[in-house]
Amino acid sequence: MSNGMVVWLEEVDINDVPLVGGKGASLGEMIRIELPVPGGFVVTSYAFKRFLLEGGIADKLFKILDVNVDDDKELKEAEAKAKKLVLDTKIPANIEKEIRRYYKELCKREGEEVFVAVRSSATAEDLPEASFAGQQETFLNIKGEDEVVDAVKKCWASLYGARAIYYRMKQGFDHSKVYIAVVVQKMVNAEKAGVMFTTHPSTGEQVVVIEAAWGLGESVVSGSVSPDLYVVSKEDRRILEERVSKKTTMTIRKGKKTIEKEVPPELQEKKVLSNDEIMRLVDFAILIEEHYGKPQDVEWAIEKNKIYIVQSRPITTLKKQEKEDEVEIEEEKVILEGIGASPGIVSGVVKIIREMDDLGKIEHGDILVTSMTTPDMVPAMKRAAGIITDEGGLTCHAAIVSRELGCPAVVGTTNATQLLKDGMVVTIDGERGVVYLGKVKEAKKPEVIATSPQTHLITATEVKVNVSIVEAAKRAAETNADGVGLLRIEHMILGLEKHPKLYIKEGKHDEYVSELVKRIQIVADAFYPKPVWIRTLDAPTDEFRGMKGGEDEPREPNPMLGWRGIRRDLDEVEHFKLELRAIKELIERGYTNLGIMLPLVQHPKELREAKQIMEEMGILDKVDVGIMVETPASAILIDEFIKDGIDFISLGTNDLTQYTLAVDRNNENVAELYDEMHPAVMRLIENVIKECRKAGVQSSICGQAGSNPKMAAKLVELGITSISANIDAVEAVREAVYRAEQKLLIDKVRER
Ligand code: PEP
Ligand code: MG
């Protein structure tokens, strides 16, 4: 069979990559180990070669492709001409006959005329990169012989898409040595589907991570739905985590189209997989990983109770980590510079996101490049291996979320979306804030030995952690921090399907409250009984506008100085009360570890008003209440606030710095002036800590400055009672705090 034009999937294995491409060979392998892969066949690269030769188009084609790929116009022209040439050339009769025969036979095997997916499976000499194949097209919902033949040809033509031509030229591949095989495979009409990782994709833990949603797998892969999440230990098959999400949309097949529709209400909050199905998937995950000898990212689907394994590929993020320490970085390859917002070095394929519709492009291991991230992008950010933005500073959305996700990021590059192109391979150094062209690897780093929970340093000053996205709760708790010094609930709210006002307008107050409760509870649980300070809503109007129902958000000349924080909640008391209701419900469920923190206060009367509302709701005496000190006004009047009664304060140095220095925290043009340790900021901080100490009020910091060990040491000297850092900084801050405390002790002894 090895020189056939068309072959069955079950006839091929990993040795047949040159003939059937990586995808075809991998599917064949999976069938051989008796995985339930949907049936199908491959139109081989040999058939494609015959097509080029017998059609007499090879020379003409390669001449067309010989262009300057940096010239967009030339590149587009080459694409159009090459594709037209392929599409206009007749498929040799013997090949076409074979394709038709195999399709008919496939339908016979399945007992009906089946829908198939027609996908390219690239093959080339010396071309191991999976990402390369990912650049060609896939044609879904194809039915009928003529359509199949047509789709095969379109797949062939897709080998000459502009992006593919560009990529090959930049990577130095010879077009004439790149062939394409086409996989034609029965499409599963899934009732439920999703992905699974055979090993934890970012931590490497020995668990199977399964994501599941209703309908076809597209919604999970594209991130348009928040899927259920199940984490199962491979060792003893215990379900370690089970998160049932609200799944509002699903992709289904309607005729020859796939459409998105609303999930029936009774299914929205229902768990997608039974425990039996979870265990069967885990069995397959273990089998697949054993077979390939490396962690895999697997797509699966369930139709009429039968599980199908649709695709499996190595987890790219892990692969990169394993290889990280081989080669020195070459300075001359730097193509972009910005602000190192989240540490780590990672390589991947660039995907530019200009609008929300582009998000589906982001596959696991890609580099997400955009002007600035928004809360809607979080599912895609989770898939990305790295993030680059044009705008922003150390405390922008991209910086905060990528740090929590542990995903390297460079922000504020000013022109990444112009300079970079889809398909380019780049390397990000999220510590130094630089982007290199190509895949460069890190110089060997000294091994970092993680401090085990039993051996972490005990400090008198508590070291806490900041949490913004629910997904980070577990990672945050694993730092062994002494609590959460800042839970930013606006990230939860902005991630909801609609604007809070719309919930209120539709009379869905209870639903809104229960959405909040569900999310806050995940964090409260992860840390119980350690304290979790929940900050009430603090999102600028421009961030709200993108939400469904957010069209009426006022357009403000400067949202940072606008209608945000406590001032908004006191204007929209109905909403404020819903936040408080969520906290009350958690208190009633027995969470004694919660505190309420009010953002952006600038006058004690705001505190008084907020406390009055808490009193009316019957929670004032049940939680600790505190304020963020992030306006110079609150820092100067701190004694007045203390008189009105507060349990704690937390220094929001991100805002305190921008308001004290008149430097926009998100404006990369003035980033150089943004100095959290500026003497004026430090003087305000000193005053606040001094007054708090005098009055016995707990003082803390939750701005980015708290993650700087130097600042942490200084704050310890000033007598701060806790420091809340980013997840990745907790360890270093703890050490700095420990050392500073030791030094104070020694100095004291010496003074005697
Ligand atoms: C701050 O201003 O320092 C802070 C922690 O709040 P945010 O970054 O959410 O404005
Ligand atoms: Mg702030």
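Checking each residue in segment 1-29 for being surrounded by 23 or more Cβ atoms within 10 Å (Cβ to Cβ) and more than 13 Å from Val183 (Cα to Cα) picks out no residue at all.
From the residues in segment 594-605 that are out of contact with any Asp or Glu (no Cβ under 7 Å at 6 or more places or on another chain) and within 16 Å of ligand 1 (Cβ to nearest atom), which one is farthest from Tyr659 (Cα to Cα)? This residue is Ile596.
The condition (being at pLDDT 90 or above and surrounded by fewer than 17 Cβ atoms within 10 Å (Cβ to Cβ)) is satisfied by just one residue among Arg50, Arg32: Arg50. Look at (1) surrounded by fewer than 23 Cβ atoms within 10 Å (Cβ to Cβ); (2) closer than 17 Å to Arg488 by Cβ; (3) within 15 Å of ligand 1 (Cβ to nearest atom) and you find that Ser700 fails only one, number (1). The set of residues from segment 627-686 being among the hydroxyl-bearing types (Ser, Thr, Tyr), near ligand 1 (Cβ under 10 Å from one of its atoms) and within 18 Å of Met711 (Cα to Cα) comprises Ser650, Thr653, Thr657. Cβ separations smaller than 6 Å between residues 6+ apart or across chains give the following pairs from segment 465-492 residues that are over 17 Å from Lys382 (Cβ atoms) to residues that are acidic (Asp, Glu) and within 16 Å of ligand 1 (Cβ to nearest atom): Glu490/Asp538. Of all residues assigned to segment 51-68, at least one qualifies as being within 38 Å of the chain's Cα centre (by Cα) and of a type in the set (Val, Ile, Thr).
Filtering segment 1-29 to residues that are at pLDDT 90 or above and not aliphatic (A, V, I, L, M) leaves Trp8, Glu10, Glu11. Pro557 fulfils the conditions (1) closer than 23 Å to Asn654 by Cα; (2) more than 16 Å from ligand 1 (Cβ to nearest atom); (3) touching a helix residue (DSSP H, G or I) at 6+ places or on another chain (Cβ under 9 Å); (4) not hydroxyl-bearing (Ser, Thr, Tyr) except for a single criterion, (3). Only helices (runs of 4 or more DSSP H) whose full extent lies in segment 456-533 are considered here, and the ones with at least 2 residues that are buried (at least 21 other Cβ atoms within 10 Å of the Cβ) and within 19 Å of the chain's Cα centre (by Cα) are 473-477, 490-494, 509-527. The listed residues are Val716, Val733, and the only one of them that is in a helix (DSSP H, G or I) and within 29 Å of Val470 (Cα to Cα) turns out to be Val733. Look at segment 587-603: where a residue is in the same structural domain as Ser650 (by TED's automatic domain parsing) and of a type in the set (Val, Ile, Thr) and a partner is more than 12 Å from ligand 2 (Cβ to nearest atom) and part of a loop (DSSP other than H, G, I, E, B), sitting 6+ places away or on another chain with Cβ atoms under 6 Å, you get Ile587/Lys622; Ile596/Val623.
Of the strands (runs of 3 or more DSSP E) lying entirely inside segment 183-263, the ones with 2 or more residues being in the same structural domain as Arg280 (by TED's automatic domain parsing) and crowded, with 22+ Cβ neighbours inside 10 Å are found at 192-197, 207-214, 228-233, 249-254. Would you please name the residue that is surrounded by the most Cβ atoms within 10 Å (Cβ to Cβ), looking only at residues in segment 648-657 that are near ligand 2 (Cβ under 9 Å from one of its atoms) and among the polar types (S, T, N, Q)? Among them, the one singled out is Thr653. Those strands (runs of 3 or more DSSP E) of segment 286-358 in which at least 1 residues are crowded, with 22+ Cβ neighbours inside 10 Å and modelled with pLDDT of 85 or more, considering only elements entirely within it, cover 296-303, 306-314, 339-342, 345-353. Any residue in segment 545-554 that is in a helix (DSSP H, G or I) and closer than 26 Å to Ser724 by Cβ? Within segment 545-554, not a single residue is in a helix (DSSP H, G or I) and closer than 26 Å to Ser724 by Cβ. Does Lys361 meet the test of being away from ligand 1 (no atom under 16 Å from the Cβ) and over 30 Å from Asp655 (Cα atoms)? When the stated conditions are applied, Lys361 passes them.
Going residue by residue through segment 542-561, is there one that turns out to be under 26 Å from Lys643 (Cβ atoms) and not acidic (Asp, Glu)? There is no residue in segment 542-561 that is under 26 Å from Lys643 (Cβ atoms) and not acidic (Asp, Glu).
Scan segment 157-178 and give yes if some residue there is part of a strand (DSSP E or B), modelled with pLDDT of 90 or more and at negative phi, otherwise no.
So far as segment 157-178 goes, no, none of its residues is part of a strand (DSSP E or B), modelled with pLDDT of 90 or more and at negative phi.
The values are calculated or read from the model by the stated rules, or taken from the named source; none is laboratory data. All of these numbers come straight from a predicted model, not from anything done at the bench. Virtual Cβ from ideal backbone geometry, glycine too; neighbours counted across all protein chains shown.
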